[in-house]
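Colleague: My questions will all concern the structure given below.
The values are calculated or read from the model by the stated rules, or taken from the named source; none is laboratory data. For clarity, every value in this text was computed on a predicted model and none was experimentally measured. Cβ sites come from the backbone with ideal geometry, for glycine too, and all protein chains shown count toward neighbours.
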Amino acid sequence: VVNIINLNFIKFIFGLNITRKSSSCFFNRKIASKFSVNLDLYLSHAYSKIVPQSEANNSASKGEKASAITLNEKNIKTPESFGLNYEFIEWLRGFVDGEGTFVISHTAGHYYSFIFQIWLHKDDHKVLNLIQNTLGFGQVLSNDSRNAIYFRVQDRIGIKKIIDIFSYYPLNSSKHLNFLVFKEAFELYINAKSKNDIGSEMKNFINSMNKSRSDYTINNHQIRITPNWVLGFVEAEGSFYVAKRSYALVFSIAQSSRDPALMEELKNYFTNLCLQSSSDNRKIEGIGLNITKRSPNFDLFKLVIEQDQILIDYIIPFFNKLTWLTKKKQSFEYWKIVLELKKLGRNYEEKGLDLMNKISLVMNRLSTDKTEALDLDILSKEITSSLNAPSNLEIREENGVSRIFIKSLKKYKAGVSSKKKIPVVIQDEQGVIIKEFTTLKSCADYLGVDPSWAKTLLVKGKAINISKNSELPKLAYIKRMDENKFFK
């Protein structure tokens, strides 16, 4: 198994002492007996990485006794001003963009309540406890009738702290508009000499928030996307799943149509992630942004990535480097296991398909699901056995042509063949040879592109810019060579 399966997850979920050198042997018989996923242990470790224990203890000990924080943003200069680190604040921004809400509630007479809250399924109670302990204020409460748990801040001191945090570290989504109304209303309310004089203004504030809001235009608002913001947003709104019929691996992020600018920026972020280390334009086309109409008045933006090469080369390494804080970590790791099974051709075996279906059921399963829960110990043994068994795919060569043979089906994989060795050269537009290569792969490595894209350039005669200076492009072509004779 290649080392795209996160080492930290294996270490802390399975309790194994694994080094980088042994990363190619993640799944062995020892793991089978330890596959009962200890997510609490992983989250405990993740929390200690994001927030040092000393800071967590100090924050938790302050509780509601902490002194009030002013709303003067100039007094706030660094994340340490909140007793937090930068990675956690960025993660929190993304998570709140997905799951957070700001509410103004009319209680009685001229009195109003200001509430910040995050609602989740009860299975994710660990992350809300983590947020509460890290911030050092707020409450974690349950709602059994909805199988839900929620983090709530309602006291004046806590609300001031929340306002300070998101004033200095603004949200990216349209929830930033709700926050601005929430902040303005709160300042008016706490500074009003008489609550009798602000009733109409408070009603206007309430009618311009959340579902009552009709205008979602954000003027002069800079969307700032960082790796930890992406992780927080994905843990709230992202999905890792396996398509039912094709067994294609899919990574997607869904958001309401109120946030087209954010979704475009997110698409650009992942596109640039590909471009940072490759000039393979084909990869850009593998990141789609679709609009789905859920109802006459509600559209859904969905960013979808299902091209294996993008997932393997960029998306998986990106998320492997980050510290997950919710149960979605478990789905991500199972999702990668399915990818490893596909690399072994298990999707062409009856037992392999059955195993992939089982993993799909476990990936996003909630404790309240009515379907019968699978025995994770038995599942782990099946996974280990399948990963350690000989591959169902075999490279066979006939007349200098390499083809993938599917052993269980006793036939070659359709449309997959290539010459054993393709000597090529890079030529400029005048036909001058720039460099020679014994194989197409070595040429692809030299250009910093995927071998499959290099083959596309060769077959279709497309040009590639080999200049590092974007203002002075230098176009070149990959040409095939045979006994010093060149032909397309």
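Colleague: Can you find a residue that is crowded, with 17+ Cβ neighbours inside 10 Å, in contact with a Leu (Cβ under 7 Å, 6 or more places away or on another chain) and not assigned by TED's automatic domain parsing to the domain that holds G94 anywhere in the range 196-211?
Modeller: no
Colleague: Shifting gears a bit: Which numbered condition trips up S194, out of (1) out of contact with any helix residue (DSSP H, G or I) (no Cβ under 6 Å at 6 or more places or on another chain); (2) at pLDDT 95 or above?
Modeller: Among (1) out of contact with any helix residue (DSSP H, G or I) (no Cβ under 6 Å at 6 or more places or on another chain); (2) at pLDDT 95 or above, S194 violates only (2).
Colleague: Evaluate the range 162-170: report whether one residue or more is surrounded by fewer than 19 Cβ atoms within 10 Å (Cβ to Cβ) and of a type in the set (V, I, T).
Modeller: Within the range 162-170, not a single residue is surrounded by fewer than 19 Cβ atoms within 10 Å (Cβ to Cβ) and of a type in the set (V, I, T).
Colleague: Let me ask you something else. On the given criteria, is F270 assigned by TED's automatic domain parsing to the domain that holds E306, under 30 Å from V449 (Cα atoms), crowded, with 18+ Cβ neighbours inside 10 Å and touching a Ser or Thr at 6+ places or on another chain (Cβ under 9 Å)?
Modeller: no
Colleague: Now for a different question. Looking only at residues that are polar (S, T, N, Q), over 22 Å from H176 (Cβ atoms) and surrounded by fewer than 17 Cβ atoms within 10 Å (Cβ to Cβ) in the range 102-132, which one is modelled with the highest pLDDT?
Modeller: Across the range 102-132, the extreme among qualifying residues is N129.
Colleague: Here is a check on your reading of the model: is S142 free of Cβ contacts under 8 Å to residues at least 24 places away in the same chain and in contact with a strand residue (DSSP E or B) (Cβ under 9 Å, 6 or more places away or on another chain)?
Modeller: Considered against the rule, which asks whether it is free of Cβ contacts under 8 Å to residues at least 24 places away in the same chain and in contact with a strand residue (DSSP E or B) (Cβ under 9 Å, 6 or more places away or on another chain), S142 comes out as yes.
Colleague: I would also like to ask the following. State all residues of the range 162-176 that are hydrophobic (A, V, I, L, M, F, W, C) and under 24 Å from the mean Cα position of the chain (by Cα); if no residue qualifies, say none.
Modeller: Answer for the range 162-176, where residues must be hydrophobic (A, V, I, L, M, F, W, C) and under 24 Å from the mean Cα position of the chain (by Cα): I165, F166, L171.
Colleague: Of everything in the range 363-390 that's in a helix (DSSP H, G or I) and acidic (D, E), which residue is modelled with the highest pLDDT?
Modeller: E382
Colleague: When you go through K244, K203 one by one, which is the residue that is in a loop (DSSP other than H, G, I, E, B) and not hydroxyl-bearing (S, T, Y)?
Modeller: K244
Colleague: Considering only the range 332-355, how many residues are surrounded by fewer than 19 Cβ atoms within 10 Å (Cβ to Cβ), of a type outside the set (K, R) and more than 20 Å from F319 (Cα to Cα)?
Modeller: 4
Colleague: Which one of these is closer than 30 Å to Y348 by Cα, over 21 Å from the mean Cα position of the chain (by Cα) and not aliphatic (A, V, I, L, M): S252, S246, S200, S208?
Modeller: Unique residue meeting the criteria: S246.
Colleague: For the range 129-161, what are the residues that are within 25 Å of the chain's Cα centre (by Cα) and in a helix (DSSP H, G or I)?
Modeller: N129, L130, I131, Q132, N133, T134, L135
Colleague: Here is a further query. For P260, all conditions in the list (1) touching a helix residue (DSSP H, G or I) at 6+ places or on another chain (Cβ under 8 Å); (2) at pLDDT 85 or above; (3) not acidic (D, E) hold save one; what is the number of the exception?
Modeller: (1)
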